[in-house]
Amino acid sequence: MRKVDYLIVGAGIAGLSAAARLARHGSVVVCEGEDAPGVHASGRSAAFAHFDMDAALVRALTAASLPFLEQPAAKVHPALFIALEGQEAALERVLAGYREWSPSVEHISAGDARALVPVLRTGDSGVVAALLDRNGRRLDAHALLELSRRELVGAGGEIAVKAPVTAVRHDAGRWIVDTPGESFSARTIVNAAGAWVDAVARMAGVAPIGIRPLRRTVITFDVPGGMDVSRWPFTKTVGPGFYIEPEGRGRLLACPMDEGPSPPCDAQPEDEDVALAAWRVEQATTLAIPRLASKWAGLRSFTPDRLPVAGYDRNAPGFFWLAGQGGFGLQTSPAMARAAESAAAGTPWPDALRAVGVTADDLSPARLA
Ligand SMILES: Cc1cc2nc3c(=O)[nH]c(=O)nc-3n(C[C@H](O)[C@H](O)[C@H](O)COP(=O)(O)OP(=O)(O)OC[C@H]3O[C@@H](n4cnc5c(N)ncnc54)[C@H](O)[C@@H]3O)c2cc1C
């Protein structure tokens, strides 16, 4: 049985980025059930950072993270928020939430939005108003994962792949964690298992937090007529609708912003969500999507109040929750990793979080009890 200070369950962006920070304070092993990091939510995301997030806490975590989201893992790219007919009030709500962190965001007319994305319909069935943020970030999920992996390994930490955690028990003040190949005795177990965090908790005899995995679907397709879409902004409706994002010169990614409840699993796209993605894009644009280049689905996992958690369980000493990153886990990962470092290792609360007004209590799982 190998002794470690921190045993992290899950090599998604949450587990890996926290592991890289915790390796400064003790020995770290990350156990990942799949054969590589990032196979689930972290490798299936649309990978864009913006402030159109309902929760003030998530916007603050995003603001704290932006300075750390730089090349090669992030690139400045504009974001366009469009109101379809009836969504004008939602556009004002987005603007109010945005202004605090990105004051340069501006109203633009439907015509100006169409100048940026020439396929947008305007008027009755299309765009009636828009907001432009020139300071959005395109993220590269694999570069983010790789940066954390390198930092972790450089500090002496390890990732064990094909190492699903199959049993967890508490014994003499330590957590005994079994995988098919090896067992560990850990001072702290960090539960960063994404959609599976409640399954890991149950294994350990710890009360679940009520995580809800919700399936989200993505399609990609080639744009007809050789149009170069690479400079088009990330374009998102402010209410129900869709978002589109360039994938290179002639390809777009589209998502219908679906939220199908799902058990934790290797999520697959459902036919009706794929059709919905294409239909919503076709309704609001002049695009026809006769054929897809690819499609996939991933699980965005939410706590009951849709806010993330990073903190020790009140009733299980040494059991640390790092969960509920929903649809913002990449763009908040630098801040969440620093919060996890401080809360797990007992180091001073990070300046980056203090500066945006986020406290340890805001992220504590105690609020879910
Ligand atoms: C379609 C889609 C679009 C998205 N778009 C964005 C976006 O634009 N911007 C953004 O910031 N976020 C976005 N997200 C959200 C983001 O991807 C997630 O919030 C983030 O990836 C969650 O990371 P995680 O590490 O918690 O989970 P995961 O990446 O799922 O990692 C959890 C890991 O735990 C492992 N695991 C589970 N159980 C065990 C076990 N028993 N033993 C060992 N390992 C185990 C799993 O194999 C998995 O690798 C999107 C998500 C989806 C699905």
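The values are calculated or read from the model by the stated rules, or taken from the named source; none is laboratory data. As the structure is a prediction and not an experimental result, all values here were calculated from the model. All Cβ positions, even for glycine, are placed from backbone atoms using ideal geometry, and neighbour counts span all protein chains on display.
For region 311-327, the criterion of being under 17 Å from residue 67 (Cα atoms) and in contact (Cβ under 8 Å) with a residue 40 or more places away in the chain is met by none of the residues. In region 37-49 there is no residue matching the filter, namely being among the polar types (S, T, N, Q) and out of contact with any Gly (no Cβ under 7 Å at 6 or more places or on another chain).
If I filter region 114-130 down to residues being in contact with a strand residue (DSSP E or B) (Cβ under 9 Å, 6 or more places away or on another chain) and part of a loop (DSSP other than H, G, I, E, B), which single residue comes out as surrounded by the fewest Cβ atoms within 10 Å (Cβ to Cβ)? Step by step, filter region 114-130, then rank; the result is 125. Filtering region 323-369 to residues that are among the β-branched types (Val, Ile, Thr), surrounded by fewer than 19 Cβ atoms within 10 Å (Cβ to Cβ) and under 24 Å from residue 7 (Cα atoms) leaves only 347. Here residue 305 passes the criteria (1) in contact (Cβ under 8 Å) with a residue 24 or more places away in the chain; (2) part of a loop (DSSP other than H, G, I, E, B); (3) over 18 Å from residue 259 (Cβ atoms) except the one numbered (3). The strands (runs of 3 or more DSSP E) located wholly in region 207-276 that include 3 or more residues which are modelled with pLDDT of 95 or more and either touching a Leu at 6+ places or on another chain (Cβ under 8 Å) or within 30 Å of residue 319 (Cβ to Cβ) (or both) occupy 212-222, 234-237, 243-246. Would you confirm whether or not region 19-37 contains a residue that is near the ligand (Cβ under 9 Å from one of its atoms), within 17 Å of the chain's Cα centre (by Cα), buried (at least 20 other Cβ atoms within 10 Å of the Cβ) and farther than 30 Å from residue 123 by Cβ? Yes, there is a match, as at least one residue in region 19-37 is near the ligand (Cβ under 9 Å from one of its atoms), within 17 Å of the chain's Cα centre (by Cα), buried (at least 20 other Cβ atoms within 10 Å of the Cβ) and farther than 30 Å from residue 123 by Cβ.
All of (1) over 29 Å from residue 61 (Cβ atoms); (2) in contact with a strand residue (DSSP E or B) (Cβ under 7 Å, 6 or more places away or on another chain); (3) surrounded by fewer than 17 Cβ atoms within 10 Å (Cβ to Cβ); (4) at pLDDT 95 or above hold for residue 107 with one exception: (1).
To keep it simple, each residue is scored yes or no on (1) over 28 Å from residue 230 (Cα atoms); (2) out of contact with any strand residue (DSSP E or B) (no Cβ under 8 Å at 6 or more places or on another chain); (3) not in a loop (DSSP other than H, G, I, E, B).
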position	(1), (2), (3)
132	no, no, yes
149	yes, no, yes
152	yes, no, yes
163	yes, no, no
169	yes, no, yes
176	yes, no, yes
185	yes, no, yes
190	yes, no, yes
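Take residue 161 and tell me if it is within 13 Å of the ligand (Cβ to nearest atom), over 28 Å from residue 85 (Cβ atoms) and surrounded by 17 or more Cβ atoms within 10 Å (Cβ to Cβ). Taking the combined requirement at face value, the residue does not satisfy it.
Among the residues of region 256-286, write down those that are surrounded by fewer than 21 Cβ atoms within 10 Å (Cβ to Cβ), under 22 Å from residue 85 (Cβ atoms) and in contact (Cβ under 8 Å) with a residue 60 or more places away in the chain. Scanning region 256-286 gives 283, 286.
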